[in-house]
1. Looking only at segment B:189-209, decide whether some residue is modelled with pLDDT under 75, assigned to a loop (DSSP other than H, G, I, E, B) and touching a helix residue (DSSP H, G or I) at 6+ places or on another chain (Cβ under 6 Å).
2. With the requirement that a residue be buried (at least 22 other Cβ atoms within 10 Å of the Cβ) and not in a helix (DSSP H, G or I), what does segment A:1-38 give you?
3. Return a yes/no flag: does segment B:26-36 have any residue that is assigned to a helix (DSSP H, G or I), farther than 30 Å from A:PRO33 by Cα and under 57 Å from the mean Cα position of the chain (by Cα).
4. Mind counting the residues in segment B:44-87 that are polar (S, T, N, Q) and within 22 Å of the chain's Cα centre (by Cα)?
5. Return the pairs, sorted by first residue and then second, in which the second residue is among the aliphatic types (A, V, I, L, M) and in a helix (DSSP H, G or I), the first residue lies in segment A:45-72 and is more than 10 Å from every other protein chain (Cβ to nearest Cβ) and free of Cβ contacts under 8 Å to residues at least 40 places away in the same chain, the beta carbons are less than 6 Å apart, and the residues are 6+ apart or on different chains.
6. Out of B:ALA103, B:ALA84, which single residue is within 14 Å of chain A (Cβ to nearest Cβ) and part of a helix (DSSP H, G or I)?
7. Can you say whether A:GLU125 is at pLDDT below 55, surrounded by fewer than 19 Cβ atoms within 10 Å (Cβ to Cβ), out of contact with any helix residue (DSSP H, G or I) (no Cβ under 8 Å at 6 or more places or on another chain) and part of a helix (DSSP H, G or I), as far as the supplied structure shows?
8. Give the residues of segment B:6-21 that are over 52 Å from the mean Cα position of the chain (by Cα) and outside any helix (DSSP H, G or I), sorted by residue number.
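The values are calculated or read from the model by the stated rules, or taken from the named source; none is laboratory data. No experiment lies behind these values; they were computed from the predicted model shown. A quick note on method: Cβ atoms are made from the backbone with ideal geometry, for glycine too, and the neighbour counts reach across all protein chains shown.
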Amino acid sequence: MDYTKLTDQEVVAHARAGRESGYRELIERYQRPVLSLIYRLVRDRELAEDLAQETFIKVLNALDRYDPRYKFSSWIFRIAHNTAIDQLRKREVATLSLDGSPHADSPDSVEASTLVAVSEDETPEEYAASRQIGEEIERAIGLLRPEYRTAIVLWHVEGRPYDEIAQIMEVPLGTVKTYIHRARNELRKHLAHLRC
Amino acid sequence: MSNEILHPTPDRLEAYVEGSLSDADRAVLESHLVSCARCQTEVEEWRALFAALASLPLLEPSPGFADRVMAGVTVHRPWTVRVAELIRRLIPDTTKGWVLVTAFLSLPMLVIGGSVAWLLTRPAITLQGLWFVLSGWLTEGVVALAGRVAALIAENTMLDSIWRGLTGLVATTGVLELGAVAAVFAVLTMLSTWILYRNLVRPPTRKETYVTYPF
């Protein structure tokens, strides 16, 4: 079954009809965005993957409750956001983990929790430079409030419009605009030392 | 106040880079930018931030992520899907299977044709005579069966009706003929059961295939 030309709603319909391949297509479409969003909230690679897994299990087991009039992406991002926020409330995760989980207590666990990004072909110098800039940005995002992080990642990385972000975060549209505006200004301050 | 008039606010510059200004506002701002190095610098800083955020990578899950998720997911299969799958599995997917099904379907024809051919080799039996006898039997059988079915429908007690129908059928048709028919049906039933067994119990050869992704 070729799912590439189907919308999310159509793939959901296939999954609801009992086709496992439909479920796997939804995982394939959203595993990277969901993992990336959660990672930027909790900043722990291993924990992010566990929470992403939990998010997918929640979503896929509740497919019969999904209303196709709304975007599937809004639904899954909302559950991902809530799952990560719940985790943050349970446990303070405050240290940036580009170089491994703050909770890693052995070289193996550090390696296992280190961020692995999808990168374009780069020379070693370009890679080092972009990695350093990437680390700085990730670090700056990590200094934002969790709700600012979600809003900024959804707008800038996922390209989601303001109204969808408002649906995902279950806050008014004006609040989302405020979050993003304040987050950008904070990021500019945190990244000011990178300006030449 | 005059400074406000001369330079757009940082919010407007941010909105300009974001692309959320109206065409008219954008035109006014761009005309200002042409001659204002300070605002140009501000815009460049916003652009650098937007570019940096847009370049943030998506993370790859570790290998086996989808399998681990699916291990925790219950795939609901509606009865319509289960029936469709059962029907799909009953359809042969090999040449051997099709040969068996064809044999199964053509067996009654072979039995009847062989019987007719054998009867025609008897010296006292002609084709016209055989047709006369067979059509007579067929007509009588259909009439008798219709009568029995009507009687069965008229009866209220089901078991009693079935028993009366069977005994009546035996009485009107004859035990020997019914035995021959029963033997043929027994053979056909065993054959069809075997075909069903081969198609239902063995693992299906048509499997859904998934694209393997390098993660």
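1. Keep residues of segment B:189-209 that are modelled with pLDDT under 75, which gives B:197-209.
Filter once more, so that each one left must be assigned to a loop (DSSP other than H, G, I, E, B): B:201-209.
Then drop every residue that is not touching a helix residue (DSSP H, G or I) at 6+ places or on another chain (Cβ under 6 Å), which leaves B:204, B:208.
Within segment B:189-209, one or more residues are modelled with pLDDT under 75, assigned to a loop (DSSP other than H, G, I, E, B) and touching a helix residue (DSSP H, G or I) at 6+ places or on another chain (Cβ under 6 Å).
2. none
3. From segment B:26-36, those assigned to a helix (DSSP H, G or I) are B:26-34; that's our starting set.
Keeping just the survivors that are farther than 30 Å from A:PRO33 by Cα gives B:26-34.
Narrowing the set further to residues that are under 57 Å from the mean Cα position of the chain (by Cα) leaves B:26.
Within segment B:26-36, one or more residues are assigned to a helix (DSSP H, G or I), farther than 30 Å from A:PRO33 by Cα and under 57 Å from the mean Cα position of the chain (by Cα).
4. Quick first cut of segment B:44-87, residues polar (S, T, N, Q) only: B:55, B:62, B:74, B:80.
Next, from what is left, pick out any that are within 22 Å of the chain's Cα centre (by Cα): B:74, B:80.
Adding up the residues that qualify gives 2.
5. Listed by first residue and then by second, the contacts come to A:LEU51/A:ILE38; A:LEU51/A:ALA84.
6. Values: B:ALA103 fails: within 14 Å of chain A (Cβ to nearest Cβ).
Going through B:ALA103, B:ALA84 in turn, just one is within 14 Å of chain A (Cβ to nearest Cβ) and part of a helix (DSSP H, G or I): B:ALA84.
7. Working: at pLDDT below 55: no; surrounded by fewer than 19 Cβ atoms within 10 Å (Cβ to Cβ): yes; out of contact with any helix residue (DSSP H, G or I) (no Cβ under 8 Å at 6 or more places or on another chain): yes; part of a helix (DSSP H, G or I): yes.
When the stated conditions are applied, A:GLU125 does not pass them.
8. Scanning segment B:6-21 gives B:HIS7, B:PRO8, B:THR9.
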